[in-house]
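A short worksheet on the structure shown next.
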Amino acid sequence: MSVRRSFNCGRLARQLGLLRPGFCGNTVSLARYNSSDSKKADESYTHFGFKHVPEDEKEYMVKNVFSSVAKKYDQMNDAMSLGIHRLWKNQFVSALNPGNSTTPMKILDVAGGTGDIAFRLLDHATQRNGDYSSKVIVADINPDMLAVGKRRAKKTPYLESGRVDFIEQNAEVLDKIPDHSIDIFTIAFGIRNCTHIDKVLEQAYRVLKPGGVFSCLEFSKVYPPLLAEVYRQYSFKFLPLLGTVIAGDSESYQYLVESIERFPDADTFASMIERAGFTLAGDRGYECLTFGVAAIHTGVKL
């Protein structure tokens, strides 16, 4: 009979320290709006893919993108990752090993409206660790994505048992989540769509308990350069076309491709996580997946 261990930052930090980071391409900065106008004007604009848009409009524009792709979200991820996202997500969850605790865990999955990560977390906790009590809160800014998740949740045992809850929340605010109340904070393929990534990281640090873990699965920079160029050509030439075929919407897929291109490389993003107050897991705080197409970033709130 296995003995379930207590959840503590020292043990989990050592466990996460086993992650072996890889090189995820050349460093690129997170580009912001740049002009000869005043600093105030500069700070009021941000990027939406390759476009420069007012910050207060980006949230609405991102909402429209995900409302458009909500019903075809899995197919979208299949197209953007060549189907490998399912393996990445399994690895993402396995590294966290939810449910391996003497007390029930409270997990927050941000930008996870469809429930894809939440259900994996609960399946792992239940099936691998015999944990029937830990709960996941799914927070997403988009009601259409949440509707997909709620519909899927009805086909699982978790909704009726109260182990999963869905709330509409901006990842940069999270005002429905109290300070120091979360054991694990996850966000998968969502943080690059946020206007202020630093605010998302600040919120993650705020809501996590001491010893809590921040873990982010996101697209990164492909290596070596030749493979990176092949992937880039695939992304820009074929994904918008696939978007038309899959969802009748090439523009949303064009934005998603551009958002990946604009997202910081793994080292830059790891530095942002560290600046938010987290202690990085392992040597550099990330593990590259599939030649850097994606990366798992992990930090601990000590």
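Counting DSSP beta bridges in the chain, what percent are antiparallel, to the nearest 5?
So the antiparallel bridges in the chain amount to around 45 percent.
Modelled label-to-label distance, Asp123 and Glu57, 7 Å Cα→beta-carbon offset: nm?
Rounded to a tenth, the inter-label distance reads 4.1 nm.
From the alpha carbon gyration tensor of region 249-302, can you work out the equivalent ellipsoid semi-axes (sqrt of 5 times each eigenvalue) and give them in Å, largest to smallest?
Result for region 249-302: semi-axes of 26, 13, 8 Å.
Taking 0.36 nm per residue of separation and subtracting the Cα-Cα distance, what length does fully extending Lys155 through Ile167 add?
Value of the extension gain: 2.5 nm.
About its Cα centre, what dipole magnitude does the chain give when the only charges are +1 on Lys and Arg Cβ and -1 on Asp and Glu Cβ, stated in debye to the nearest 20?
I would put it at about 1040 debye.
Counting Lys +1, Arg +1, Asp -1, Glu -1, what net charge surrounds Glu172 among other residues with beta carbon under 12 Å of its beta carbon?
For residues surrounding Glu172, the net value is -2.
For region 145-302, with the dipole built from +1 on Lys and Arg beta-carbon atoms and -1 on Asp and Glu ones, taken about the Cα centre, which of Tyr158, Phe238, Gly285 lies farthest toward the positive end?
The residue sitting most towards the positive pole is Tyr158.
Hey, what number do you get for the chain at 222 nm if only DSSP H runs of n ≥ 4 count, each worth -39500 (n - 2.57), divided across all residues, to the nearest 500?
For the chain, the value works out to -13500 deg cm²/dmol.
Which is farthest toward the positive dipole end of region 115-219 among Leu121, Ile182, Phe214, measuring Cα position about the Cα centre, with Cβ charges +1 (Lys, Arg) and -1 (Asp, Glu)?
So the residue we want is Leu121.
When the accessible area of the chain is computed with all protein chains present and a 1.4 Å probe, what percentage of it is carbon and sulfur?
Taking all protein chains in place, the chain shows 54 percent carbon and sulfur surface.
Figure the gain on full extension for Ser133 and Asn90 (residue separation times 0.36 nm, minus the Cα-Cα span) and round it to one decimal in nm.
So the extension gain works out to 13.4 nm.
If you split all Cα-Cα distances of the chain into 20 Å bins from zero, what percentages do you get per bin, shortest first?
With a bin width of 20 Å, the distribution comes to 34, 60, 6, 0.
Please say if region 122-179 is rounded, prolate or oblate, where rounded means a/c under 1.5 for a ≥ b ≥ c the square roots of the C-alpha gyration tensor eigenvalues, and otherwise the choice is prolate for a/b larger than b/c and oblate otherwise?
Note, shape of region 122-179 comes out oblate.
Taking only Cα atoms, what is the 0 to 90° angle, nearest 10, from helix 225-247's long axis to the longest principal axis of the chain?
90
Per residue, how large is the accessible surface of the chain? Use a 1.4 angstrom probe and give square angstrom.
Per-residue value: 45 Å².
Sorted by mean Cβ packing within 10 Å, highest first, what order do the peptides 50-56, 93-99, 231-237 take?
93-99, 231-237, 50-56
Which entries in the list Lys135/Lys155; Lys58/Lys150; Lys72/Lys150; Lys51/Lys199; Lys71/Lys150; Lys135/Lys209 go over 24 Å, if you measure between the two C-alpha atoms of each?
Result: Lys58/Lys150 exceed 24 Å.
Full-extension gain between Lys237 and Ser67, please, as 0.36 nm times their residue separation minus the C-alpha to C-alpha distance.
My answer for the length gained is 58.9 nm.
The values are calculated or read from the model by the stated rules, or taken from the named source; none is laboratory data. Computed from a prediction, not measured in an experiment: that's the story for all the values here. Reconstructed Cβ throughout: ideal geometry from the backbone, glycine too, with neighbour counts over all protein chains shown. Just so you know, the surface numbers come from the protein's heavy atoms only, side chains and all, with ligands and any DNA or RNA stripped out. Shrake-Rupley method; radii C 1.70, N 1.55, O 1.52, S 1.80 Å.
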